[in-house]
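Colleague: Dropping a structure here in structure tokens format, bear with me for questions.
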Amino acid sequence: MQHSSMNAAALQGSWGKRLLATCVCSLATCGVVSAADAPQRPPAVVDSYIPVAPSDDSLYQALGGHEGLVKIAADFHHRLEADPQLGPYFRDIDAKQYQERLVIQFCEVSGGPCKQAKYDMRKIHSGMDINKATFNATVEVLQQTLDAQGIAYRTQNRLLAQLAPMHRDIINVP
């Protein structure tokens with residue numbers, strides 16, 4: 001008797017799978033279930049701002065070229081870590097990688113020879129709860145850094161004008 005009930009269970013399992021597949025196919029054919037009902041991947045996180053480099057490298061040169069940008073990135077990172085409001089955002093990151101990416105970003109937006117491999121500011125900052133006040137505080141620290149590096153006020157404004165549109169990809173909470 002056990003032998004026949006095991007075959008019945010195996011047959012029932014097989015029939016159950018066939019019945020389920022038939023029902024799903026039938027529902028899809030009738031329009032009750034559609035591909036839209038299937039689990040979807042989340043939409044790709046795409047930056048709204050893709051930098052447009054200046055037509056010449058005068059801003060890049062005014063920032064000190066590659067060497068100047070390396071100094072700016074290192075000082076900026078140091079100041080961000082030391083800032084009571086902003087420090088928590090920067091303590092657990094790879095400092096070397098952060099500074100390297102910052103140099104490439106500043107280089108590209110200033111008309112230097114660099115080109116970012118990808119634009120993922122929105123993805124990087126998602127989940128960090130960055131509001132307008134935090135963004136503005138970061139800009140202030142960048143201005144302090146540029147002042148400390150002896151960058152002229154006009155040059156600072158040119159760089160900030162290139163970076164400002166990124167706020168749409170960085171600010172993610174009201």
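Colleague: Taking segment 98-136 only, how many residues are open to solvent by less than 40 Å² (accessible area, probe 1.4 Å), modelled with pLDDT under 90 and part of a helix (DSSP H, G or I)?
Modeller: Of the residues in segment 98-136, 4 are open to solvent by less than 40 Å² (accessible area, probe 1.4 Å), modelled with pLDDT under 90 and part of a helix (DSSP H, G or I).
Colleague: Look at Pro88 and say whether it is under 21 Å from Asn172 (Cα atoms) and open to solvent by 20 Å² or more (accessible area, probe 1.4 Å).
Modeller: yes
The values are calculated or read from the model by the stated rules, or taken from the named source; none is laboratory data. Owing to the predicted nature of the structure, the values given are computational and were not obtained by experimental measurement. In case anyone asks, the SASA skips ligands and DNA or RNA and just uses the protein heavy atoms, side chains included. Shrake-Rupley method; radii C 1.70, N 1.55, O 1.52, S 1.80 Å.
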